[in-house]
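Presented below is the structure to which this report refers.
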Amino acid sequence: MSAAAVPSPALAVAGLVAGYERDLPIVKGVDLVVGAGEFLAILGPNGAGKSTLAKAIAGLVSIHSGELALGTRDIAGLPAHELVRSGLAFVPQTENIFATLTIQENLQLCADVLPAARRGERIEAAYAMFPDLGARRTIAAGALSGGQRQMLATARALLVEPSVMILDEPSAGLSPKLVGEVFETLLRINEQGVTVILVEQNVRAALAVTRSALVLCDGRVVHRGPAAGLADDPRLGEMFLGRYEGQAA
Amino acid sequence: MSPQAIVDGLVAGSMIGLGAIGVTLTYSILRFANFAHGEFIAWGAYFALALVSVLGIGMEPLGPFSFGWLLPLAAIVAAVLAGGLAILLDRLLFSSFRARGSATIIMVIASFGASMALRALLEFVFTSKPVYFTRELQIAVRFGGGLRATPDQILMLATTVVLVVAIHLLLTRTAIGRQMRAVSENPVLARVAGVDVGKVVRTVWFLGGALAAAAGVMAGLLVQIRPYMGFDLLLPLFAAAILGGIGSVPGAILGGIVVGLCEALAVQTIGAEWRAAAAFAVLTAVLVLRPQGLFGKARR
Ligand SMILES: Nc1ncnc2c1ncn2[C@@H]1O[C@H](COP(=O)(O)OP(=O)(O)O)[C@@H](O)[C@H]1O
Ligand SMILES: [Mg+2]
């Protein structure tokens, strides 16, 4: 897929260098344009910097240099809590719900960024999408199973009606059946017009639902292209080892 | 334990508990033990004293109480000022350490330094001579069974109940309360969820400072006002906060009451000089027997 085929970008990353310490970049110059409505998988070996890239976009890891735009808005350096308000939702890999708060409180917390008149309606919409949660509103979220936690984390992120949603390994620790359910949900969300970026270790399952893919290796993009066929591409293993440079974005 | 010791213990315990709420909230949000918290108590008392002496009106005892109508108003203003002082201290001192990701021990030592500086400032301005809100003597109300309490004491207990219920409702029923609990559990996720952590931190400092001022005014009415009044309460405050379980508001107030009762018991049975030892004994016992406190969750 050429860049020209991508509709107006939902998220644009240019020359992004980011990391936890000043002199130690983990993301080492990433260029990435994600079209509105795209469903993108970010793949790569353990330690490639996938989570760091996602966190840098979400405002949780400091950006050393580079540009970051959400739609037409420059978001580099914006604090995470303001990014949420501008329509970027992030679901971290672990500890992505508040275990000591009830399900209802988890959702209310996020609804508080919305105008007061819309809060109730958005929370009810979340319960309509995830009836399991609606049935257990007043229980502490810490009592939920792994799959339900992921649902709550997803529902929480969706509450603000984001334009872009980034999820870091939502399949981690789930049974294959639950992974299927989670990915189905993401597909539904994407079909409603939300741009979804899925960071995954679970390559095959991820490529089965996403439309495009990016392979990250040692903080750099080594491949960007359609998802179809990539799982069976013999060069994928090489890409993971960083020995093969695929098509650039 | 005599009925009188119970009343004295309850009143002292309410005061300790109000101070301990600030300690427990600061700890649960910022994860360090703030040794300067006692100074908010002393500054709160002196703020109220300064207002009362400067205005010099409304001093005639109000009904059965030992003070006039100005003092409750001064206490409210003092609470706001002490809350502001706490925010200012955070802005000038702790926030820069947080931004640098400094170790907890650095924050703790810095708070110790701030405590000394704030206390020295009080001594400089007001001298170390004890002062009083009032010198009126009060006639205790008898409740039967040997139980007696002065109208001031009854008012303090009632005020404590109101404040604790208000803080509890704030934490459990309001948006800012939810945000405080969320930041306490997971500050990074809170940011992702749209919580302005800076605002939560300021709120926690303000509440802690304001409640400390309330405790300070009570201590000033019950005993006297001196620059060391807050510092001397530090051990009981921490004993109460740890006994109650870090992060728990009901725990802090209950812990305060237990510490207050133990102190009163020690004073009555062994001697007044053993008051401080009682708080230390409670603290040691909790750390050995139940380090997470009464209401606390075991922390990682
Ligand atoms: N909080 C952190 N502080 C410092 N270094 C980190 C932190 N998290 C991850 N790293 C380092 O960043 C690199 C990339 O990690 P990560 O982004 O988690 O990779 P991936 O998600 O692709 O497995 C690793 O070398 C890891 O050690
Ligand atoms: Mg990762």
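Each reported figure results from applying straightforward, stated rules to the coordinates on display, with no laboratory input. Treat the numbers as computed from the prediction; the structure is a model and nothing was measured. Here Cβ is always computed from backbone atoms with ideal geometry, including for glycine, and neighbour counts include all displayed protein chains.
Summary table below
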item	result
Contour excess over end-to-end distance, with Cα ends at A:S86 and A:D74 and 0.36 nm allotted per residue	3.3 nm
Within a Gaussian network of chain A (alpha carbon springs, distance under 10 Å), most fluctuating of A:V113, A:V179, A:V194	A:V113
Spin-label pair A:L241/A:A135, simplified geometry with 7 Å Cα→Cβ offset, distance in nm	4.9
Qualifying GluC sites (Glu not before Pro) for the range A:43-119 [loop in DSSP, other Cβ within 10 Å: at most 11]	none
Sorted by Cβ density within 10 Å, fewest first, the residues A:L167, B:L73, A:L88, B:L30	B:L73, B:L30, A:L167, A:L88
Charge context of B:L221, other residues only, Cβ under 11 angstrom, K/R +1, D/E -1	-2
Mean Cα-pair separation over length for chain A, i.e. relative contact order, pairs under 8 Å, 6 or more apart, %	25
At R0 = 60 Å, FRET efficiency that the Cβ-Cβ distance of B:V54 and A:A36 yields, to 0.05	0.40
Neighbour net charge for A:A153 - beta-carbon separation under 11 angstrom, K R +1, D E -1	0
B:W43, B:W274 arranged by Cβ crowding within 10 Å, fewest neighbours leading	B:W274, B:W43
P(r) of the range B:3-289 over all Cα-Cα pairs, binned every 10 Å from zero, in whole percent	7, 29, 36, 21, 6, 1
Check: the protein assembly as shown dipole with +1 on Lys, Arg Cβ and -1 on Asp, Glu Cβ, in debye	520
Distant alpha-carbon pairs in the range B:1-119 (separation over 18 angstrom), percent	61
Charge tally in the Cβ shell below 15 Å around A:S65, where Lys, Arg are +1 and Asp, Glu are -1, A:S65 excluded	-2
Helix-only mean residue ellipticity at 222 nm for chain A, each DSSP H run of n ≥ 4 adding -39500 (n - 2.57), per residue, nearest 500	-9500 deg cm²/dmol
Cα-projected label distance for B:V162 with A:S145, points at 7 Å along beta-carbon direction, nm	5.0
Relative contact order computed over the range B:3-289 (Cα-Cα under 8 Å; 6+ residues apart), in percent	39
A:E191-B:A285 pseudo-label distance in nm [points 7 Å out on the Cα-to-Cβ vector]	6.4
Tail beyond 34 Å, pair distance distribution of the protein assembly as shown (Cα, percent)	49
Residues of the range B:79-123 with amide N under 18 Å of a point placed 7 Å along Cα→Cβ from B:R31	B:94-111
J(HN,Hα) series, the range A:229-241, from Karplus relation 6.51 cos²θ - 1.76 cosθ + 1.60, nearest Hz, glycine and proline x	x, 5, 4, 9, 6, x, 7, 4, x, 5, 4, 4, 8
Cβ-based charge dipole, the protein assembly as shown, positive-most Cα from A:L159, B:A45, B:V197	B:A45
Over the range A:117-249: Rg over Rh, Cα atoms, Kirkwood Rh	1.04
Efficiency of FRET between B:I270 and B:V223 - r from beta-carbon atoms, R0 22 angstrom, step 0.05	0.65
